[in-house]
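Engineer: Before anything else, here's the structure in question.
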Amino acid sequence: MEFSSKLLENAVNEISQLPGIGKRTALRLVLHLLRQPESQTLHLTNALQDLRTEIKHCKNCHNISDVEICDICRNVNRQQEIICVVEDIRDVMAIESTAQYKGLYHVLGGKISPLDGIGPHNLTINSLVEKVKAGKVKEIIFALSSTMEGDTTNFYIYKQIEKYDVKTSTIARGISVGDELEYADEVTLGRSILNRVPFENSLKSS
Ligand SMILES: [Zn+2]
């Protein structure tokens with residue numbers, strides 16, 4: 001792609017770094033911005049900059065948050081002793097949209113995946129185990145997608161906490177194997193949380 005402007009080329013190159021965006025799409029987006037009022041581009045760049053500089057991760061559940069302890073963790077009406085283990089914020093949003101779950105979350109930040117170089121120490125597993133050790137957790141609900149990485153991660157965590165006095169369960173799989181949580185419809189997902197099964201049962205069936 002030949003550019004008549006270095007500035008245009010730089011902008012296109014940066015935007016085409018984003019997943020799913022090739023050079024042609026990047027060029028279309030950049031030309032679109034140039035046709036819009038300058039204020040729109042400023043709002044966009046400010047939003048992105050604030051996102052990078054201001055955003056925090058909740059110190060309790062590790063979810064993305066604007067404050068040190070997120071709204072969910074601070075909510076006294078939620079059951080503090082039940083923790084649902086999820087991969088990232090998209091799962092929290094999906095489960096929250098069902099309005100069926102009143103406990104807290106623990107956001108791992110990924111799944112164990114040796115092929116991608118992600119080991120247990122890259123995730124927030126230690127912090128979860130510490131919560132269990134502290135004796136304040138009655139139930140851990142595994143809600144990772146039922147992929148091989150999800151199953152591996154569940155099992156790894158289970159092994160770390162099975163010696164403690166904590167109930168472990170896994171969401172009932174109305175969701176077919178390999179489906180990601182965020183794509184499950186709200187009714188199915190809500191039902192699968194209410195109808196969760198003891199984690200040990202999921203081990204026997206597989
Ligand atoms: Zn939180």
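Engineer: Does Ile83 satisfy the criteria of being part of a helix (DSSP H, G or I) and under 23 Å from Glu186 (Cα atoms)?
Structural biologist: no
Engineer: In segment 130-165, how many are part of a helix (DSSP H, G or I) and over 25 Å from Ser192 (Cβ atoms)?
Structural biologist: Summing the residues that are part of a helix (DSSP H, G or I) and over 25 Å from Ser192 (Cβ atoms) in segment 130-165 gives 2.
Engineer: On to the next question. Within segment 93-107, restricting attention to residues that are within 13 Å of the ligand (Cβ to nearest atom) and surrounded by 16 or more Cβ atoms within 10 Å (Cβ to Cβ), which residue is farthest from Ile69 (Cα to Cα)?
Structural biologist: Gly103
Engineer: Just one of (1) within 13 Å of the ligand (Cβ to nearest atom); (2) farther than 21 Å from Ile157 by Cβ; (3) not in a loop (DSSP other than H, G, I, E, B) trips up Glu68, so point out which.
Structural biologist: (3)
Values in this text are rule-based calculations from the coordinates and carry no lab data. These numbers come from a predicted model, not from an experiment. Note: ideal-geometry Cβ built from the backbone for every residue, glycine included; neighbour counts use all protein chains shown.
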